[in-house]
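Report on the structure given below.
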Amino acid sequence: MTKRLPFCNSTTLITLLLSALSSLPVQSLAGQSAEEGQQFDTIEWPDLMPDDVLEILMNPPAYISETEDGSAEDQIGSNIKSAIAAASNDPYQQALISTEVRPEMNGLMVRLPGFIVPLEFNEDQVITQFFLVPYFGACMHMPPPPPNQIILVDAAQGLTVDELSIPLWISGRLSTEVTENDMAMSSYSLEMMDYELYGG
């Protein structure tokens, strides 16, 4: 049976996005790797956002907070409001689709917890490419996060998971490059070198 999350408006989405790690025990495990001597810097999702974009998302405009989550007005009106706001270059709506990155993250060896959205499989149904996202259901049952909160991961060695709702630590080399497919757009990519269960 498919697990579906309830509808959420932009405020709920950003709250989930920025607090995704708070529901999990934060722990720094930098230094562990698949290759001896290889170290990864443990990062969090907000680290991927430029400060000005993060500030905008943390302070949504009044029209966002005036609508009750899940209400009929929210479900119908939010699309209209979003279209109007986007057309007028509303900074908040622009932040929701921002592809801006932190250039200094390019080439870093990082370790980040998240959830996977499978994109490609090999003949044995082993996942070889996926999106790494900060909360379960992103890009599948819920609207995607901003592109700078989605990482396209290439996993040449393959990855298997029992449940997509289980978070993983993903380690590898991070790149700042925009990629788009039918499901979503990502502003970062990562060459996976190691993975393990979160808290494992």
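A few points about this structure:
- Residue within segment 114-122 that is assigned to a loop (DSSP other than H, G, I, E, B) and on the phi < 0 side of the Ramachandran plot present: yes
- Selection from segment 135-151 of residues that are part of a strand (DSSP E or B) and either surrounded by fewer than 23 Cβ atoms within 10 Å (Cβ to Cβ) or modelled with pLDDT under 90 (or both): Ala138, Met142
- Inspection of segment 29-38 identifies at least one residue that is more than 19 Å from the chain's Cα centre (by Cα), at pLDDT below 60 and polar (S, T, N, Q).
- Selection count where residues are of a type in the set (Gly, Ala, Ser), closer than 22 Å to Ser171 by Cα and within 17 Å of the chain's Cα centre (by Cα), scope segment 87-124: 1
- Within segment 35-50, residues that are closer than 10 Å to Val110 by Cβ reach partners that are at pLDDT 95 or above and charged (D, E, K, R) with beta carbons closer than 6 Å, at six or more positions or on different chains, in the pairs Phe40/Arg111; Thr42/Arg111.
- Candidate set: segment 172-186, residues that are assigned to a strand (DSSP E or B) and in contact with a Leu (Cβ under 8 Å, 6 or more places away or on another chain); chosen: the one farthest from Gln39 (Cα to Cα): Thr179
- If you go through segment 169-183 and pick out every residue that is buried (at least 21 other Cβ atoms within 10 Å of the Cβ) and of a type in the set (A, V, I, L, M), you end up with 2.
The values are calculated or read from the model by the stated rules, or taken from the named source; none is laboratory data. Source: prediction; values computed, not measured. When we count neighbours, we look across all protein chains shown, and the Cβ atoms used for this are built from the backbone with ideal geometry, even at glycine.
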